[in-house]
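For reference, the structure discussed in these notes is given below.
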Amino acid sequence: MTPTAPNLLEMRSITKTFPGVTALADVSLAVREGEIHAICGENGAGKSTLMKVLSGVHPHGSYSGDIVYRGEQVRFDSIRASEQAGIVIIHQELALVPGMSITENLFLGNEPRRRGSIDWKSAQRRALELMEQVGLREDPDTLIKDIGVGKQQLVEIAKAFAKDVKLLILDEPTAALNEADSQHLLDLLRGFRERGITSIMISHKLNEIEAVADTITILRDGRTIESLDVKADGVNEDRIVRGMVGRELDSRFPDRTPAIGEVFFEVRDWTVRHPTSDERMVCKGSSFQVRRGEIVGFAGLMGAGRTELAMSLFGRSYGTWLSGQVFKDGKEIRLKTVADAIGHGLAYVSEDRKSIGLNLLDDVKTSMVAAKLSKIARRRVIDPVREHRIAEDYRTSLRIKTPSVDEGVVKLSGGNQQKVVLAKWMFTDPDLLILDEPTRGIDVGAKFEIYGIIQRLVAQGKGVVVISSELPELIGLCDRIYTVFEGAITGEVARADADPEVLMKQMTANKKSPTP
Amino acid sequence: MRRTLIKSITAVGAAALLTLATACSNEREGSSGSDSAGGKGFSKGSLIGVALPAKTSENWVLAGDLFTNGLKDAGFKADVQYAGASTTVADQQAQISSMVTKGAKVIVIGATDASQLATQVKQAKDEGATVIAYDRLITNTPDVDYYIAFDNFKVGELQGQALIDGMKAKKPKGPWTIELFSGSPDDNNSKVFFEGAMKVLKPLIDKGDIVVGSGQKDIKQTATQGWKAENAQQRMDSLLTSAYSGKKTLDGVLSPNDTLARAILTSVKGAGKPVPVVTGQDSEVESVKSIMAGVQYSTINKDTRKLVAETVNMIKSLQKGDKPTVNDTKSYNNGDKVVPAYLLPPVIVTKKNAAEAYANDPKLAPLTK
Amino acid sequence: MSRITDLQKNLFGGTTSNARQFGMISTLVAIVVLFQIWTDGLTLTSGNLIAVVSQYSYILILAVGMLMVIVAGHIDLSVGSVAAFTGIVVAKAMQEHSLPWPLGILLGLLVGAAIGAWQGFWVAYIGVPAFIVTLAGMMLFRGANQYIGNADTVPVPEGFRKIGAGFLPEVGPDTGYNNLTLLLGLAACAGVVWREWKARQTRREMNADLAPLWVTGVRLAVMIAVIVFATLRFAGGRVGTSLPISGIILIALVLAYSHYTRNTIGGRHIYAVGGNARAAELSGVKLKRVNFAVMMNMSVLAALAGMIFVARSAASGPQDGLSWELDAIAAVFIGGAAVSGGLGTVSGSIVGGLVMALLNNGLQLQGVGSDMVQIIKGLVLLLAVAFDVYNKSQGRFSIIGTLTRPFRREDPAGTAAPPAPASDADKTKVAG
């Protein structure tokens, strides 16, 4: 890329309204040929809408403003039209068919044909070429469901290459990836830049943006706030955050003085087998402790077994329990069912809000009380007044943005949904909360609030376990961090000693130091 | 505040009540309890309901058309309904109820399941309608007034005799090997046909002149659920494989009606066996053709025209307030009472007498020439 | 304009599901009015209403159970066969072993429970999809019905027939009406007034907006008027008739099951399982137990429906229960349940069932043949669900908004945003 490179794409004064709401107001975006252009903004700032306008999901005519692409004014009226022009968007939710092979997915809807039937031989050859381009080394006949998320992402990108991409748009490409895969992906983007392919990247991970982007456009409330040249303007994370939230965030984490008490929860020698594979152990003799008032972190790569450990503890909701004991306040407790676990004061806030954390058909108040209905019922009949009051209380205390507690949870933003899930588990009055990726997909402002809630919980003398793939989050939040690798706990790091390098080492290399 | 609420409720409620109460004409007065058949008659042009089974055979379709026209010609309003194909019983129950609601004076019922209509028949009776069981006797209820049908026992006898005659014609000396088929077990007539036929066949079976190849002689074994051709064909297929595998020949099959007869013949042909003597009933077009072609042996001519005409006559005399003609007041006990019946004689038809038998039938007569 | 939406909201509640029910109820009213005119007033005569209730009560009972099955994310194809099987067992027991009829009913319910336990076991504890289990059940129990019944029709005793064809006795002074039915109507009126009062009290305790008094008054008046009308019709039929006993059984079941599904922990759990089974499980819901209970309950209700039909038909026959499952499932879906589970109400299903029943009845009164009736019913099912799907894709639904759209242009305040999307806007902002 040269600083004087011409603009590949210009979106001028784009305004897009939905009935009653203006999603984009006079937004402009200029992307130079061959650069990596990041678009930042909080959830709801208009990033996705802008990309939908560009890719033709919102067809020409449904918005006002002009799109100039490669020097010509374009009017896309469908995704197909934008793809033909070489603009390919890769969504956060991957559009792959799990039961089909890599090759089949690569050419889905675009199959090379010879005399009316699919020419698998040339498809195979092309597939290998494409996979080479994105650095994916797999048998092209492997089924998508048998490869990891990181590799699936690569397949998606390879698919874009199959369509002769000029402008690649990635929506939160690393959200579901672990550290190593993310790194690989970012390297890949840099490689594309070398080859003259332009990329637009939407991401919440500011460190990645800082590392890879040439230009950053910041959106807020449907408007363009600013466009920054990373090198010239000396952009860093704080600078981006300021643009996004419109004010300085003094700190990414609220202040807190830890008041840590006695050990009250202890797991010994926890061993769990994979639900379908007899050979695989997802937890190998894991032991750990939680003190009252303590925030304990679990660091590990994707698939290291953190979620599996948490879920198997929570009423054996995952895998087959083989051995191990759980003690609470010095007494052994048995957690055979979720109801047992809730009864013994455990709460598990799942990693995936939408698919296993919430019933998306429920409204806010129903969701909040779902895990302990007996608390609002008299002789098994639910008292609507009590339900309403409790929901209102949580709405105020957790500052959940919803017009009323009768609103469907599906209409809430990710951050507010997460607060509803937190309320649901706070309502069970737990002693130990296990939070699995509590801030995934949540914008900066809401993250801060959720950290605040966590800190308030421990201030009440509860114990909190946080599982997170973002090391800065764990380091900033936790009093103690366990590292997990391939189902085993490989280390324990106190707050004072926690830094990304130390953790990363223990998370990746199986140091033979099983904690006592 | 609460008082205003109560006030407004009472006010609006009372107003609504008043309007409704005046609008609601009480139907209690109009009921006539048990206005038994025959009594005073009713006005010309009254509604006559006809509830028939699903359109599974040509005869029911023909009967429906004949009723529609015949009743209209006689000056009545006709409401002719067929039951649906899959929900026959429930449909027919609902249809009869609707006819009662519409104030039908006479309801003619060709029952799908003759023993599951007691409630509706009672309802009809309570509203003062006369109930005529058409072709199939409605059982387990005292509320049926008349029964009109062909003499079904006689039909059975004729079928049995035809079977013997046919086999004798082909192979003068016994023993003959036969198979028996009967109709749907939920149709009261099936039993009557079968018993009639067995009255003729039994002595020969006992003597050993006739052998039932498969040994299946009980009506439970020979039944054809729902009078369905596919069921008869399936049973015949399995009989042929199980009992007639080698050179064993089948001389005759007692079939209760034409649809089943053709299904049986299809099965025999499929198995590559020589065509046996097969009886039938109903004079369906395809079977008459088959008889003329020398495949099916016999059928029964129960002229639907005659039966419908007699039914309409019966309705006419009810309208005038006369007692309709009946010719059997002893034989038809439905479990609750002996239903007065008017029986028409059936006629056996083979290739020999077909031309004569169907001379007056516009559809069948040309086929016999 | 906004006053009209307010009114709609106040009268029928503002949420989408209520709007849906409002749509169904208006369809029902439209059908009644249409046929009332078309049949020269026959539709709403006492005799016809009584006939309709006793003809369709067993389908509606099935719809109640089916609603719960569908909400939990399953389906039950076996109900017709289970009903037929129970019918023949009970009829045989009473006829051949001279079991007294009250014990016969008990036996039937036990048979239903046993079958339900069997099906529930496969669905909940083994994890075979309910579609398969009940498809198997459909064949299995149809076969069992024929095996036991030998395809015969078995009559049932007079006492037993009461539950399907019986009426309330005539007691007390001669008022020109069936007195017990009048009493029931009175109780129903008192019930709705009490419920309305209770609802206002609850809303007051929640500090929620109270509907203006006149709105409550109008709503009560409408409901009471309907009840009074129905009561007089059912009480004013031929001497010896009243609200049918099967109708009373149905009403009792509807009240009990609406209460259960709406207001109890067990009911919540059914919706939770259907909405998101994994989330429900992780919230401490005993998934297996809920699935088992729902399947078992369905078979018990199917057994009851079967017995009511047999009682009404005075005999158990080989054709009993044929394609009932389809009628019940259609009623539930017309009533607004979601195919994927988690959504739907008992009252919605009943309204859906009544739409089908009155359509059927009205067409029959018109002398339309059963072939055409089938075609029309099929189209109604398709359109009702398509309408629902379309509304979902178009955002919220507002019948009154749709009806008044043509007039809005002439409205001097024509710049005002249309009501439904305006409230959407608030939400979008929240979601931002």
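The values are calculated or read from the model by the stated rules, or taken from the named source; none is laboratory data. In this text the structure is predicted, and so the values were computed from the model without any measurement. We place every Cβ from the backbone using ideal geometry, glycine too, and count neighbours over all the protein chains shown.
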Being touching an Asp or Glu at 6+ places or on another chain (Cβ under 8 Å), outside the structural domain of B:THR177 (by TED's automatic domain parsing), buried (at least 24 other Cβ atoms within 10 Å of the Cβ) and polar (S, T, N, Q) narrows B:THR130, B:THR101 down to just B:THR130
The condition of being under 24 Å from the mean Cα position of the chain (by Cα) and not acidic (Asp, Glu) holds, among A:VAL88, A:VAL27, A:VAL68, only for A:VAL88
> Hey, any hits in region C:295-309 for a residue that's within 30 Å of B:ILE96 (Cβ to Cβ), assigned to a helix (DSSP H, G or I) and facing chain B (nearest Cβ under 8 Å)?
Replying inline: yes
When every residue in region B:181-239 that is part of a helix (DSSP H, G or I) and of a type in the set (Asp, Glu) is compared, the one nearest to B:ALA261 (Cα to Cα) is B:GLU230
Per the filter on region A:421-478, residues buried (at least 23 other Cβ atoms within 10 Å of the Cβ), of a type in the set (Gly, Ala, Ser) and assigned to a helix (DSSP H, G or I) are A:ALA423
Of the residues that make up region B:249-256, is at least one without any contact (Cβ under 8 Å) to a residue 24 or more places away in the chain and closer than 14 Å to B:LEU180 by Cα? no
Evaluate the following for A:ILE67: is it within 20 Å of A:ILE225 (Cβ to Cβ) and either assigned to a loop (DSSP other than H, G, I, E, B) or at pLDDT 90 or above (or both)? no
Pairing a residue in region C:191-213 that is crowded, with 16+ Cβ neighbours inside 10 Å with any residue that is outside any helix (DSSP H, G or I), where Cβ atoms lie under 6 Å and the two sit 6 or more apart in sequence or on different chains, gives C:ARG203/C:LEU210
Of (1) modelled with pLDDT of 90 or more; (2) surrounded by fewer than 20 Cβ atoms within 10 Å (Cβ to Cβ), B:ALA149 fails just (2)
Residue hits (region C:223-247; in a loop (DSSP other than H, G, I, E, B) and either surrounded by fewer than 23 Cβ atoms within 10 Å (Cβ to Cβ) or within 7 Å of another protein chain (Cβ to nearest Cβ) (or both)) are C:GLY236, C:GLY237, C:ARG238, C:VAL239, C:GLY240
With the first residue restricted to region B:319-346 and required to be over 15 Å from B:TYR134 (Cα atoms) and among the small types (Gly, Ala, Ser), and the second required to be surrounded by 14 or more Cβ atoms within 10 Å (Cβ to Cβ) and at pLDDT below 90, Cβ contacts under 6 Å at 6 or more apart or on different chains are B:GLY321/B:GLY41; B:GLY335/B:THR139; B:GLY335/B:ASN140
Of the candidates C:GLU158, C:GLU196, the one satisfying the condition of being touching a Lys or Arg at 6+ places or on another chain (Cβ under 9 Å) and of a type in the set (Asp, Glu) is C:GLU196
Among the residues in region C:176-185, are any out of contact with any strand residue (DSSP E or B) (no Cβ under 6 Å at 6 or more places or on another chain), among the β-branched types (Val, Ile, Thr), within 8 Å of another protein chain (Cβ to nearest Cβ) and farther than 30 Å from C:VAL89 by Cα? no
Counted residues in region C:261-279 being more than 7 Å from every other protein chain (Cβ to nearest Cβ) and of a type outside the set (Phe, Trp, Tyr) come to 8
Considering region A:332-356, residues that are surrounded by 15 or more Cβ atoms within 10 Å (Cβ to Cβ) and of a type in the set (S, T, N, Q), and then whichever is farthest from A:TRP425 (Cα to Cα), we arrive at A:THR337
Scanning region A:136-158 residue by residue, the ones that are out of contact with any Asp or Glu (no Cβ under 8 Å at 6 or more places or on another chain), surrounded by fewer than 20 Cβ atoms within 10 Å (Cβ to Cβ) and among the small types (Gly, Ala, Ser) total 0
Check your understanding: closer than 14 Å to A:PHE265 by Cα, hydrophobic (A, V, I, L, M, F, W, C), without any contact (Cβ under 8 Å) to a residue 60 or more places away in the chain and more than 14 Å from chain C (Cβ to nearest Cβ): does that describe A:ILE295?
Key -> no
Note: among B:THR311, B:THR299, just one is assigned to a strand (DSSP E or B), of a type in the set (Ser, Thr, Tyr) and within 20 Å of the chain's Cα centre (by Cα), namely B:THR299
Inset, instruction - Output yes when any residue across region B:116-123 is assigned by TED's automatic domain parsing to the domain that holds B:LEU318, surrounded by 20 or more Cβ atoms within 10 Å (Cβ to Cβ) and within 15 Å of the chain's Cα centre (by Cα), and no when none is. - result: yes
B:SER242 fails exactly one of (1) at pLDDT below 90; (2) closer than 30 Å to B:TYR146 by Cα; (3) not in a loop (DSSP other than H, G, I, E, B), namely (2)
Checked region B:73-101 for anything of a type in the set (A, V, I, L, M, F, W, C) and part of a loop (DSSP other than H, G, I, E, B); matches are B:ALA74, B:PHE76, B:ALA83, B:ALA85
Of the residues in region A:177-210 that are closer than 18 Å to A:VAL444 by Cβ and touching a Leu at 6+ places or on another chain (Cβ under 9 Å), the one that is surrounded by the fewest Cβ atoms within 10 Å (Cβ to Cβ) is A:GLU208
With the first residue restricted to region A:372-394 and required to be facing chain C (nearest Cβ under 9 Å), and the second required to be crowded, with 16+ Cβ neighbours inside 10 Å and of a type in the set (Phe, Trp, Tyr), Cβ contacts under 8 Å at 6 or more apart or on different chains are A:LYS372/A:PHE427
Matching residues in region A:385-420 (among the acidic types (Asp, Glu) and outside any loop (DSSP other than H, G, I, E, B)) number 3
Log entry, pairs with first residue in region A:131-145 being within 13 Å of A:ASN105 (Cβ to Cβ), second being part of a strand (DSSP E or B) and modelled with pLDDT of 85 or more, beta carbons closer than 6 Å, six or more apart or on different chains, reads A:ASP141/A:SER101; A:LEU143/A:SER101
